[in-house]
1. With the structure loaded, tell me whether D66 is charged (D, E, K, R), open to solvent by 30 Å² or more (accessible area, probe 1.4 Å) and farther than 23 Å from F180 by Cα or whether it fails that test.
2. What do you reckon, is K127 in a helix (DSSP H, G or I), among the charged types (D, E, K, R), open to solvent by 40 Å² or more (accessible area, probe 1.4 Å) and modelled with pLDDT of 80 or more?
3. With open to solvent by less than 80 Å² (accessible area, probe 1.4 Å), at positive phi, under 13 Å from the mean Cα position of the chain (by Cα) and modelled with pLDDT under 90 as the only criterion, which of G58, G84, G30 stands out?
4. Run V60 past the list (1) aliphatic (A, V, I, L, M); (2) under 25 Å from L189 (Cβ atoms); (3) touching a Gly at 6+ places or on another chain (Cβ under 6 Å) and report the number of the one that doesn't hold.
5. Report, ordered by the first and then the second residue, all pairs with beta carbons closer than 8 Å, sequence separation of six or more or different chains, a first member in region 179-191 that is over 16 Å from V101 (Cβ atoms), and a second member that is open to solvent by 30 Å² or more (accessible area, probe 1.4 Å) and part of a helix (DSSP H, G or I).
6. Being of a type outside the set (F, W, Y), open to solvent by 20 Å² or more (accessible area, probe 1.4 Å) and either modelled with pLDDT of 85 or more or in contact with a Gly (Cβ under 9 Å, 6 or more places away or on another chain) (or both) narrows it down to one of I178, I148, so name that one.
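The values are calculated or read from the model by the stated rules, or taken from the named source; none is laboratory data. The shown structure was predicted, so the numbers you read here are calculated from the model rather than taken from an experiment. Note that each Cβ is placed from the backbone with ideal geometry, even for glycine, and that neighbours are counted across all protein chains shown. Heads up: the accessible areas ignore ligands, DNA and RNA and are worked out on the full protein's heavy atoms, side chains in. Shrake-Rupley method; radii C 1.70, N 1.55, O 1.52, S 1.80 Å.
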Amino acid sequence: MKKILPILLSSPLFKGISETDMLPLLESMGVRRQPYKKGAFVFLAGKTGTRIGIVLTGLVHIVQEDYWGNRNIIAPIRVGNMFGEAFACLPDAAATVDVVVMQEADILFMDAGKILHAGEVMTEPQKCVAMNLLAVLAQKNLFLTEKIRYLSQRTTRQKLMFYLSDEARRHHSPVFSIPFNRQELADFLSVDRSAMSAELGRMKREGLLEYTKDRFELKERQ
């Protein structure tokens, strides 16, 4: 467990927790570690549970699929980040998304109920994790608000421009890499991949941006 402490201490869920307090805290949360192969499903829509997952290695995507298999990527979850917290806080609510492993992963699971329902007297580390959990939920709500803004745009170009502009601001640089390949980006923005690729080509020819695979550079309008 000590080998993964640096990853956990960097996670927003454990912000403010000391290394000394971490091991007893993890024990109180009933953590367990589990490996997954690429393509495996970690959570399935329709299931309930109280587990929060933290990605230790690899990459997972939170996705929604319709009856015919059309996929919409809600968010990528990378090393140190967590998923499942909203449904863990509402254990009777069925999940509305799947969690799919995109790169072979190790995931640490913990029981949120053992913190949220620890009793009237909580230790200081438990209080800290509970407050951090609220902060993470608020941050993810902002992320979903951003995504709604992308999806509400009328054209593929507008969706791309809003998303890429936000990524540039998030990286504090006009040069940045995104966590998606072309198909995944199309799924994230809910657009046709071919139409999106054609639009990116037009934007490049117009001098609005340059790109190579997942790396983009935004250009100022001349």
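1. Working: charged (D, E, K, R): yes; open to solvent by 30 Å² or more (accessible area, probe 1.4 Å): yes; farther than 23 Å from F180 by Cα: no.
So D66 does not fit the description; no.
2. Values: in a helix (DSSP H, G or I): yes; among the charged types (D, E, K, R): yes; open to solvent by 40 Å² or more (accessible area, probe 1.4 Å): yes; modelled with pLDDT of 80 or more: yes.
In short, yes.
3. Numbers: G58 fails: modelled with pLDDT under 90; G30 fails: under 13 Å from the mean Cα position of the chain (by Cα).
Exactly one of G58, G84, G30 is open to solvent by less than 80 Å² (accessible area, probe 1.4 Å), at positive phi, under 13 Å from the mean Cα position of the chain (by Cα) and modelled with pLDDT under 90, namely G84.
4. Status for V60: all satisfied but (3).
5. Listed by first residue and then by second, the contacts come to R182/R193; R182/S197; Q183/R193; A186/R193; L189/L151; L189/T156; S190/L151; V191/T156.
6. I148
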